[in-house]
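The values are calculated or read from the model by the stated rules, or taken from the named source; none is laboratory data. Worth saying up front: this structure is predicted, and the values here are computed from it rather than measured. Positions of Cβ are generated from backbone atoms using ideal geometry, with glycine treated the same way; all protein chains shown enter the neighbour counts. All accessible areas refer to the heavy atoms of the entire protein, side chains included, with ligands and DNA or RNA removed. Shrake-Rupley method; radii C 1.70, N 1.55, O 1.52, S 1.80 Å.
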Amino acid sequence: MPELPEPRIRTARTEDGDELALLDRLAWSPLHAVTPEPQPPYAPFFSERHAPEDCLVAELDDRLAGYVLLGFPTELDANRHVRQIQGLAVAGEARGRGVGRALVRAAVDEARRRGARRITLRVLGHNTPARALYAAEGFVVEGVMPEEFLLDGAYVDDVVMGRFL
C-alpha cells in the first residue's frame with residue numbers, strides 16, 4: 001500500500017479567501033459550530049479579526065485541505081503572551097490523512113515563533129474527535145463551562161484547553 005503524502009502547511013494568502021470560505025461552509029457541523037449554518041450572502045473569510053497572516057493552510061494534492069486560525073484570546077496587553085486557536089477545519093475528503101494534526105502542530109510552532117508562552121483553545125464538550133486530537137498534542141482541560149451553549153435543543157459544555165510552549 002503506497003504511503004499517503006504529508007500535508008504541506010503554509011501561511012494563507014489573500015487569494016485563498018474564497019476557497020477557504022467554501023471549505024468552511026462545507027465543513028460546518030453542529031459537532032463544532034456554535035453559529036447557525038451559513039446562508040447566503042456569505043461573509044468573506046478574512047476580516048479585521050483574522051487576516052491571511054493569522055491563518056495557516058494545509059495543502060494535499062495541490063488543493064486546500066484545511067486551515068487553522070491563530071489569534072489573541074483578548075485585546076488586552078496583559079495576555080499578549082497567549083495565542084488561541086480560533087478555528088480549525090479539515091475538508092471532508094482529507095479527514096483521516098493527518099491534516100488536523102499537522103495544522104495543530106503548525107499552530108503550536110507558529111505561536112512559539114511569535115513569542116507566545118501559552119496556546120489555548122475552546123472546544124465543544126461533545127466534539128470527542130477534536131478533544132482527543134488536542135489531548136494527543138499536549139493540550140489539557142483547563143476549565144469547563146457547563147451547558148454554555150444550546151445547540152439543536154441540547155445543552156453543550158464549552159471546554160477550555162491549553163498548553164505551555
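Kindly indicate whether S47 is within 18 Å of G100 (Cβ to Cβ) and either open to solvent by 20 Å² or more (accessible area, probe 1.4 Å) or small (G, A, S) (or both).
On the way: within 18 Å of G100 (Cβ to Cβ): no; either open to solvent by 20 Å² or more (accessible area, probe 1.4 Å) or small (G, A, S) (or both): yes.
In short, no.
Just name the residue that is nearest to the chain's Cα centre (by Cα) out of those in the range 1-44 that are of a type in the set (A, V, I, L, M, F, W, C) and surrounded by fewer than 12 Cβ atoms within 10 Å (Cβ to Cβ).
Looking only at the range 1-44, we keep the residues that are of a type in the set (A, V, I, L, M, F, W, C), and these are 1, 4, 9, 12, 20-23, 26-28, 31, 33-34, 43.
Remaining after also requiring surrounded by fewer than 12 Cβ atoms within 10 Å (Cβ to Cβ): 1, 4, 43.
Numbers: M1: 31, L4: 23, A43: 18 Å.
This residue is A43.
Looking at the range 22-29, is at least one residue farther than 21 Å from L124 by Cβ and not polar (S, T, N, Q)? Explain how you work it out, then say what you get.
Step one: of the range 22-29, the residues farther than 21 Å from L124 by Cβ are 22.
Those still in the list that are not polar (S, T, N, Q) too: 22.
Yes, the range 22-29 has at least one match.
If only one of A65, A78 is of a type in the set (A, V, I, L, M, F, W, C) and more than 21 Å from L103 (Cβ to Cβ), which one is it?
On the way: A65 fails: more than 21 Å from L103 (Cβ to Cβ).
Checking each option against the conditions leaves just A78.
So that you can scan it fast, the table gives a plain yes or no per residue for (1) without any contact (Cβ under 8 Å) to a residue 12 or more places away in the chain; (2) of a type outside the set (K, R):
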residue	(1), (2)
A94	no, yes
R113	yes, no
R131	no, no
Y134	no, yes
L151	no, yes
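Here are E75, E53: which of them is in contact with a strand residue (DSSP E or B) (Cβ under 7 Å, 6 or more places away or on another chain), surrounded by fewer than 17 Cβ atoms within 10 Å (Cβ to Cβ) and either within 24 Å of G162 (Cα to Cα) or without any contact (Cβ under 8 Å) to a residue 12 or more places away in the chain (or both)? Full working, then the answer.
Values: E75 fails: in contact with a strand residue (DSSP E or B) (Cβ under 7 Å, 6 or more places away or on another chain).
Only one candidate passes the filter, namely E53.
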Among the residues of the range 93-102, is there at least one that is open to solvent by less than 40 Å² (accessible area, probe 1.4 Å), closer than 29 Å to A154 by Cβ and within 14 Å of the chain's Cα centre (by Cα)? yes
Selection over the range 135-165 where residues are among the aromatic types (F, W, Y) and under 17 Å from A33 (Cα atoms) yields a count of 2
